[in-house]
Amino acid sequence: MTRRAAKPLPLPLLRVRESIIACERCTRLRTYCRGIGETKRRAYQDQTYWARPVPGFGDPHARVLILGLAPGAHGANRTGRPFTGDGSGYFMYPVLHETGFASQPEGASRDDGLRLRNAWIASVVRCAPPGDKPTPQEIRNCSTHLAAEIGQLTRIRVVVCLGKIAFDGYLAHLVAQGIIERKSAYRFAHGVSYTLPNRIHLLCSYHPSLRNTNTGRLDRAMFTRIFVQARELAGLDR
Ligand code: SF4
């Protein structure tokens with residue numbers, strides 16, 4: 001892909017984005033994110049943290065939805081774009097570039113020129129949670145944002161869930177939408193895929209957190225295979 005300016009989002013998706021950014025539903029998470037944005041990590045003392053809910057990002061015509069857990073406290077909560085500026089993103093974007101979903105392997109800031117093609121990245125919770133652990137109520141609170149975003153991404157054919165919390169959050173969305181009856185028929189395991197009653201493919205992957213990538217639980221070859229598989233399931237050519 002050549003480097004070009006990102007196109008503006010279609011108006012309905014822009015409205016979803018604005019409503020996410022303005023959300024104050026979870027008092028604990030909003031307080032935490034603002035606090036992190038004020039104290040900052042020493043290496044980022046000269047930066048202004050985003051410190052607001054982080055909306056999804058990518059290609060409005062995406063066929064692949066990549067679903068994570070939540071913004072990192074000093075990653076997306078700092079930069080304002082999913083998986084941008086932290087270890088998870090530094091692991092993921094080179095793989096998305098290699099597999100044809102990202103215009104460049106670097107994802108350091110939201111004005112770095114990175115564009116996605118055929119992919120949209122979002123998370124089940126849009127505010128960084130303490131210890132990366134949102135409460136069940138916070139996940140439920142945020143599910144309306146996921147539903148609104150998915151409602152505008154009409155070409156999605158594959159959903160890649162990064163980690164079990166994203167997987168459970170997406171299953172809850174499917175139950176709420178009446179697409180599946182119960183979650184118990186679906187089990188999370190890396191590399192497992194399901195074809196849902198609406199013919200969307202659900203593909204599971206370990207989350208590319210440092211906890212998984214530093215320990216070798218998830219390596220680059222394993223992660224690359226997930227996105228090669230996502231391309232195939234989505235009917236995308238290289
Ligand atoms: S986690 Fe979601 S629902 Fe809760 S305040 Fe943030 S954007 Fe709103």
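Only the coordinates and a few stated rules stand behind these numbers; no lab work does. In this text the structure is predicted, and so the values were computed from the model without any measurement. Cβ sites come from the backbone with ideal geometry, for glycine too, and all protein chains shown count toward neighbours.
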How long, wide and thick is region 77-193, going by the Cα atoms along their three principal axes, in whole angstroms, largest first?
41, 31, 28
Ratio Rg/Rh [Cα only; Rh per Kirkwood] for the chain
0.93
Expressed as a percent, the portion of alpha-carbon pairs in region 1-88 spaced more than 19 Å apart is 46
Which of the peptides 114-122, 26-34 is most tightly packed, and how do the rest follow, judged by the mean count of other Cβ atoms within 10 Å per residue?
114-122, 26-34
Under the Karplus curve 6.51 cos²θ - 1.76 cosθ + 1.60, θ = phi - 60°, whole-Hz ³J(HN,Hα) for region 211-219, x wherever Gly or Pro sits:
4, 8, 7, 6, 8, x, 4, 10, 10
Assertion target for V125, V95, ordered by fewest C-beta neighbours within 10 angstrom first, is V95, V125
Gaussian network model of the chain, Cα springs within a sub-10 Å range: biggest mean-square fluctuation belongs to which of R140, R42, R155?
R42
Once the cut-off is 19 Å, how many percent of the Cα-Cα pairs in region 178-238 end up in the long-distance tail?
41
Give me the percent of DSSP beta bridges within the chain that run antiparallel, rounded to the nearest 5.
30
